[in-house]
Amino acid sequence: MIRLERVSKTYPHRDEPALKRVSLHVAPGEFVYLTGHSGAGKTTLLRLLYGAEMPSRGRVLVGNTDLGRLAPRHLPLLRRRLGLVFQDFRLLPRRSVFENVALSLEVAGLDRRTVAHRVAEVLEQVKLSHLAQAPADTLSGGEQQRVALARALAPGPDLILADEPTGNLDPDNALAMMRLLVGDYVGGATVVVATHDPTLLSLVRGGRVVHLDRGRLEETA
């Protein structure tokens, strides 16, 4: 599902590379925790996986796609196959919960009836059906993160990338969020979660833990 081959990423005006010769293979159906302190390179690695960044050296493959050779016009097609969950939610604040979740399906060209059915299904999954018509900016932080997760899950992606998805949540909401991600993993999705919270690592039986330290990757479990 994912293969990084001796990937380095450098930025102008930075003395040290963000990533240094990182090699990683994630098989279909795996759950991988990506850990490390702030600034270790976790977000950079995830951004490489959905094409927001290009490697300075090495190869990044998602599925059978070499992202370094992918034309920019084809990036939206790649991202439709991914579920992306961000710490800062990235919702449309004045749109309803329903509209925010529906957006990922509408851009894929699905008809209204299919969109409505799938949105209702995924909102039930994250226990937000009662807030379907509420504007996103009226929700609590935990509710907004569940909307963001519903939006990511709605297309039924094979790969879910989550960047500190519990970073803005209290412990109870963080646990609920992780249980939803684990549920999708059990359903067959490949999941990569970047986190600095060690209390989350025991939630997935058989999950792998890889650790970034100043841009270098180490397998720890």
Using the number of other C-beta atoms within 10 angstrom as an exposure proxy, rank Asp163, Asp213 with the fewest first.
-> Asp213, Asp163
Regarding the chain, what whole-number volume in Å³ per residue does the convex hull of its Cα atoms give?
-> 126
Work out Dmax and Rg for region 92-164 from the C-alpha atoms and quote the Rg first, both in angstrom.
-> 11.4, 33
Sorted by packing (mean other beta-carbon atoms within 10 Å per residue), highest first, where do 72-82, 166-176 land?
-> 166-176, 72-82
Fewest-first sequence of Thr44, Thr199, Thr65 by Cβ atoms within 10 Å of each Cβ | Thr199, Thr65, Thr44
Let me know the volume per residue of the alpha-carbon convex hull for region 29-130, in Å³.
-> 162
Helix 141-153: inclination vs the chain longest Cα principal axis, degrees, rounded to 10, gives 80
Asn168: net charge of surrounding residues, Cβ under 13 Å, Lys/Arg +1, Asp/Glu -1, itself excluded?
-> -4
Separation of alpha-carbon centers, region 159-183 and region 1-38, rounded to whole Å = 21
In nm, to one decimal, how far is the Asp15 label point from the Ala108 one, both placed 7 Å along Cα→Cβ?
-> 4.7
Compactness index (Cα Rg / 2.2 N^0.38 Å), region 163-213 | 1.09
Most mobile of Leu161, Leu91, Leu103 in a GNM of the chain (Cα contacts under 10 Å) | Leu103
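Values quoted throughout were computed directly from the atomic coordinates according to the rules given, and no laboratory measurement underlies them. In this text the structure is predicted, and so the values were computed from the model without any measurement. With ideal geometry, Cβ positions are generated from the backbone for all residues, glycine too; neighbour counts draw on all protein chains shown.
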